[in-house]
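S.K.: Can you read through this structure? Questions will come right after.
Derivation of every value follows stated rules applied to the coordinates shown; laboratory data play no part. All values reported here derive from a predicted model rather than from experimental measurement. Cβ sites come from the backbone with ideal geometry, for glycine too, and all protein chains shown count toward neighbours.
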Ligand code: AMP
Ligand code: MG
């Protein structure tokens, strides 16, 4: 059924009835392909970027067998008897190896990270020894290999450390540096454009005539997109005028992804779907979730398109649930499965069975462990509920009202985004 037919009184979505969330997510992901452009970057510039080529270790890490302790490098066989005495024949400091060999009856003073001298096979902590001139007395024996870090124990030379599609995080920068990768090949950043729609929308900073509201969606979207590290293109505000929307979508089709907010429902001034049908193609619209039921997905030329609802909470929740995984795949990585767990709710929750619902809540830890406090006003226009919340309460379609103390599933806002 077309959007126009639906406005005329149809009751279902463009491509059948409203889709369950998981199905909508799956269908979207099926239709997203990763960007193909790539560039070679210096290590630090690659932070937050996605690998286009696997990285293998150019060297063993650690590069040499070394000591995990400050103490003495020994031959374990020399310490068979408690109270054994060995002659100290030299020192091995980090960066300054001992260049001789440890023969039976000898030991070398060694520091953490220093090369284990030839002949030695173990290290005894300094605290387990006594010194008398050039004689070192060992109060107890040791196992062969004790306190020794073998060359290549962390990463062996030639071993693959990261695969294509890896998003480079802070620890990864360290790993890459340790294996000698001064430069890496990464995918080009996905170019994501967005605009707000609505005759009532005025940019923040401009005067606000009667009946108008400031544009908040473009700013939350800017924040959400910044977290993903994509290239952001803010195309401003487009009025509820069909020709203006057609034109705006045409101009946006050169990007990799296009997001709009508002105008996607069945109201008399909702033209986004009609414009999408004319300029691009509609995959499906309407997802069986609250907030966020009116949501369009489609293509504008090669760009993927999301028409998000205008209500600020709905725009954010649909972004988190459906747009973010798609943009992760577009960027060339794998989206992480949502991190969810069950906790009791401090207050009762009202919920109509029949569709999935995401309510805003605050996870708090109390005497009896963690609980969630649902936010008082769950209206999809109350953006403050998103600000105050730290999690979404994910209520399954068949779930009805929930009593205080019952367990509910929560998805914290601090989510692993990249798999
Ligand atoms: P719509 O989806 O266009 O019917 O809009 C739904 C509600 O969201 C209306 O109350 C709009 O005024 C509001 N809204 C739409 N776009 C924005 C925006 N960019 N910033 C804040 N509120 C918006
Ligand atoms: Mg509107």
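S.K.: Take every DSSP beta bridge with both residues inside the chain and express the antiparallel ones as a percent of the total, to the nearest 5.
M.R.: Expressed as a percentage, antiparallel bridges in the chain total about 70.
S.K.: Which value at 222 nm does the chain reach when only helices count, each DSSP H run of 4 or more adding -39,500 (n - 2.57), with the total divided by all residues and rounded to the nearest 500 deg cm²/dmol?
M.R.: -5000 deg cm²/dmol
S.K.: Once you sort the root eigenvalues of the Cα gyration tensor of the stretch 341-412 as a ≥ b ≥ c, which label holds: rounded (a/c under 1.5), prolate (a/b larger than b/c) or oblate (the other case)?
M.R.: oblate
S.K.: Can you tell me the order of 182-194, 221-233 when each peptide is scored by its average per-residue count of other Cβ atoms within 10 angstrom, highest first?
M.R.: Descending packing order for the listed peptides: 182-194, 221-233.
S.K.: What order do you get for 81-93, 243-255, 291-303, 327-339 when each peptide is scored by the mean count of other beta carbon atoms within 10 Å, highest first?
M.R.: Result, highest mean Cβ count within 10 Å first: 291-303, 327-339, 243-255, 81-93.
S.K.: How far is helix 217-228 tilted, in degrees, relative to the longest principal axis of the Cα atoms in the chain, given as a value from 0 to 90 rounded to the nearest 10?
M.R.: Computed tilt is about 30 degrees.
S.K.: A further question on this structure: Hey, what angle do you get for helix 242-252 against the long axis of the chain, alpha-carbon based, 0 to 90 degrees rounded to 10?
M.R.: The angle comes out at about 20 degrees.
S.K.: Assuming 1.567 mPa s and 4 °C, estimate D for the chain with Stokes-Einstein, Rh taken as the Kirkwood radius over Cα pairs, in µm²/s.
M.R.: Answer from the Stokes-Einstein relation: 50 µm²/s.
S.K.: While we're here: Over the Cα atoms of the stretch 376-419, what radius of gyration and what Dmax do you get, in Å?
M.R.: For the stretch 376-419, the Cα radius of gyration and maximum Cα-Cα distance read 12.5, 35 Å.
S.K.: What's the exposure ranking of 197, 139, going from fewest to most Cβ atoms within 10 Å?
M.R.: Ranking 197, 139 by Cβ neighbours within 10 Å, fewest first, gives 139, 197.
S.K.: For a protection proxy built on the mean count of beta-carbon atoms within 10 angstrom, sort 145-154, 116-125 highest first, please.
M.R.: 116-125, 145-154
S.K.: Which of 256, 172, 99 moves most in a GNM of the chain, Cα contacts under 10 Å?
M.R.: 99
S.K.: Stokes-Einstein D for the stretch 66-149 at 20 °C, 1.002 mPa s, Kirkwood Rh over Cα pairs, in µm²/s?
M.R.: Taking Rh from Cα pairs, D becomes 179 µm²/s.
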